[in-house]
Amino acid sequence: MRRAHAVHPITALQSEYSLWTRDQEQVLPLLHELGIGLVAYSPLGHGFLTGKIRSESDFGPDDFRATNPRFTGENFQRNLALADEVQAIAAEAGAMPAQVAIAWLLAKGDDIAPIPGTKRVARLEENVAADSITLTAEQIAKLDSLPSAAGGHHNEAQMQMIER
């Protein structure tokens, strides 16, 4: 990132970042130092952090999550505990779990812009309202201490497609 930025200034990096996927935390200090913003896609962990997904049977056969390691088997069960913690903090904050997940990202700095995807206007409005949620230092600390999701980002076939 530093070498690329030296050749031509980089304005933003778009990458997955959320309570669910914390890989980018290792590069955040460098991004802050260089003045590079982070556009965080999938801030709701592909819907898992909304608290609405409670069973593997919630996915249709054409839903990529049905075969994703994070959404199957033992990983699914372990990840429910993560979603439940977000839901508990949402109850404390008087907010929806999705709003807490987005508010946590917004609390990480003005140079992080979450971009949740949705198909419904009501969800868009709910997501936008996350900007008015103020999490306490204690709530942020609890969220910071949560582990990343259990399981890989991709199933075996997807890993072969990206040559990993």
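The values are calculated or read from the model by the stated rules, or taken from the named source; none is laboratory data. Keep in mind the model is a prediction, meaning the values are calculated, not measured. Cβ atoms come from the backbone with ideal geometry, glycine included; neighbour counts cover every protein chain shown.
Give the range 132-164 a look and list any residue that's modelled with pLDDT under 90 and polar (S, T, N, Q), or say none.
Matches in the range 132-164: Ser148, Asn155, Gln158, Gln160.
Test each condition in (1) touching a residue at least 60 places away in the same chain (Cβ under 8 Å); (2) farther than 19 Å from Thr136 by Cβ; (3) among the aromatic types (Phe, Trp, Tyr) for Phe59 and report the one that comes out false.
(1)
I'd like the full set of residues that are under 18 Å from the mean Cα position of the chain (by Cα), farther than 9 Å from Ala150 by Cβ and either modelled with pLDDT of 90 or more or charged (D, E, K, R) (or both), limited to the range 51-70.
Listed by number, the residues that qualify are Gly51, Lys52, Ile53, Arg54, Arg65.
Are any of the residues in the range 52-73 among the aliphatic types (A, V, I, L, M) and over 15 Å from Ala98 (Cα atoms)?
yes
Can you say whether Gln14 is within 15 Å of the chain's Cα centre (by Cα), farther than 19 Å from Leu146 by Cβ and not basic (Lys, Arg), as far as the supplied structure shows?
Yes, satisfied.
Considering only residues of the range 88-131 that are polar (S, T, N, Q) and in contact with a Leu (Cβ under 9 Å, 6 or more places away or on another chain), which is modelled with the highest pLDDT?
Asn127
List the number of the failed condition for Thr21; all other conditions in (1) farther than 18 Å from Leu105 by Cβ; (2) β-branched (Val, Ile, Thr); (3) within 8 Å of the chain's Cα centre (by Cα) hold.
(1)
Name every residue in the range 129-149 that is aliphatic (A, V, I, L, M) and more than 12 Å from Met96 (Cα to Cα), in order of residue number.
The answer is Leu135, Ala137, Ile140, Ala141, Leu143, Leu146, Ala149.
Tally up the residues in the range 1-50 that are of a type outside the set (Gly, Ala, Ser) and free of Cβ contacts under 8 Å to residues at least 24 places away in the same chain, please.
9
Rundown of residues vs (1) surrounded by 13 or more Cβ atoms within 10 Å (Cβ to Cβ); (2) of a type in the set (Phe, Trp, Tyr); (3) in contact (Cβ under 8 Å) with a residue 40 or more places away in the chain; (4) in a strand (DSSP E or B), yes/no style:
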site: Val100; (1), (2), (3), (4): yes, no, yes, no
site: Asp110; (1), (2), (3), (4): no, no, no, no
site: Gly117; (1), (2), (3), (4): yes, no, yes, no
site: Arg123; (1), (2), (3), (4): yes, no, no, no
site: Glu126; (1), (2), (3), (4): yes, no, no, no
